[in-house]
Amino acid sequence: MKNELLCNLDKLYTTELGVIRIKRNLGLDAEDVVVWCRQKIETADNITRKGKNWYAHCDDIVITINAHRYTIITAHKEKS
């Protein structure tokens, strides 16, 4: 059975501040942060839900998504 987040990837979005935060945290120069995050989530090693957020782990990165509105809140490198 597919994960609820994976079934709703078309609903993903982020705010202007979210774009700035994600680019800063990851040193990212992607043109479209939402598309970049969507691709990472599709290939995630592990997707979990804790409370109101989803956490997608891929390539030593954690992407945090609000579970109700599918807002990409932030992304950061995992701590070693």
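Any read-out appearing in this document is the output of simple, stated calculations on the displayed coordinates, not a laboratory observation. Quick caveat: nothing in here was measured; it's all calculated off a predicted structure. Every residue, glycine as well, gets a Cβ built from its backbone with ideal geometry; the counts of neighbours run over all protein chains shown.
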Practice item. Counting helices only, and only those DSSP H runs with n ≥ 4, report the 222 nm mean residue ellipticity of the chain as the sum of -39,500 (n - 2.57) divided by its residues, in deg cm²/dmol to the nearest 500. Key: -8500 deg cm²/dmol
Exercise for review: Using the number of other C-beta atoms within 10 angstrom as an exposure proxy, rank T14, T48 with the fewest first.
Suggested key: T48, T14
Review point. Given a Förster radius of 22 Å and the C-beta distance between T15 and D45 as r, what FRET efficiency does 1/(1 + (r/R0)^6) yield to the nearest 0.05?
Key: 0.25
Review point. Hey, fewest Cβ within 10 Å first, where do C58, C37 land in order?
Key: C58, C37
Review point. Which is the longest run of the chain containing none of the trypsin sites (Lys or Arg not before Pro) found in DSSP loop states (not H, G, I, E, B) with at most 12 other C-beta atoms within 10 Å?
Key: 3-51
Review point. Hey, what angle do you get for helix 16-26 against the long axis of the chain, alpha-carbon based, 0 to 90 degrees rounded to 10?
Key: 80
Review point. Whose amide H sits under 5 Å from the amide H of T14, counting only residues 5 or more places off or on another chain, with H placed in the peptide plane?
Key: I72
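Using Cβ contacts closer than 10 Å as the measure, can you line up W36, W54 from fewest to most? Numbers along the way, then the final one.
Details: W36 19, W54 24.
Taking fewest neighbouring Cβ atoms as first place, the list is W36, W54.
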Review point. If you compute Rg and Dmax of the Cα atoms in Å for the structure shown, which of (i) 11.5, 35; (ii) 31.7, 104; (iii) 21.0, 80 do you land on?
Key: (i)
